[in-house]
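Input: a single structure, listed below in structure tokens.
The values are calculated or read from the model by the stated rules, or taken from the named source; none is laboratory data. Bear in mind the structure is a predicted one, so any value in this text is a computation, not a measurement. Reconstructed Cβ throughout: ideal geometry from the backbone, glycine too, with neighbour counts over all protein chains shown.
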Amino acid sequence: MKIDLHVHASERSACSVSGEEDMIRAAARRGLDALVFMDHHCLVPVSRLQELNREFAPFRIFGGVEITLSEEEDILVLGVRDPRLEQRNWTMPDLHSFVRDRGGWMALAHPFRYRDNVNFDMEKYPPDAIEVRSSNIAAGNLKRIEALLGLTGLPAICTSDAHIANRAGLYYVELDQTPADETELARLLRARKFCA
């Protein structure tokens, strides 16, 4: 299964130009099988995910959330459906514990986008993956990201981080199997059953 793990929709992310349906159609046109809406501090309602999955089957749509930490880093979270994730006062120690206790998955999004370092202790609070390719990762940051991957031993993910439909599915990961739901998708990602 080819899946874009980081897509924003204008219904929930003010920075996004394109809506859900346009993003889904664009990703499907690129040959993807699924995407995850990772809107800023906003989960997609389950009823809306069910509606989109019926409308666009066999294409699959999942929901996660992108959280901007107090440390000014962005973390993608999947496999935890709890409205507390929509709060805007998370620190990495608190988020790390919250997601781990609930069996979720998390990734550091677009590292070095705003500064020359990662603003939390990666050794003490490691995410499950690091975004290495997206429409919001500058080519000049690739060497630093590769060094971070080498230092931490974490896997790389490639995502579009699309805010406009023509970028949806630009980068993706390929899973070994098709997950039934977000919980299983998080489990497969934690088990590193994918290639970027």
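Numerical summary
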read-out	value
So residue 147, is it among the aliphatic types (A, V, I, L, M), part of a loop (DSSP other than H, G, I, E, B) and surrounded by fewer than 19 Cβ atoms within 10 Å (Cβ to Cβ)	no
Where a residue in the stretch 141-164 is more than 25 Å from residue 32 (Cα to Cα) and charged (D, E, K, R) and its partner, wherever it lies, is surrounded by fewer than 19 Cβ atoms within 10 Å (Cβ to Cβ) and modelled with pLDDT under 95, with Cβ under 9 Å and at least six apart	144/112; 144/116
Scan of the stretch 168-196 for residues that are outside any loop (DSSP other than H, G, I, E, B) and without any contact (Cβ under 8 Å) to a residue 60 or more places away in the chain, ordered by number	184, 188, 194, 195
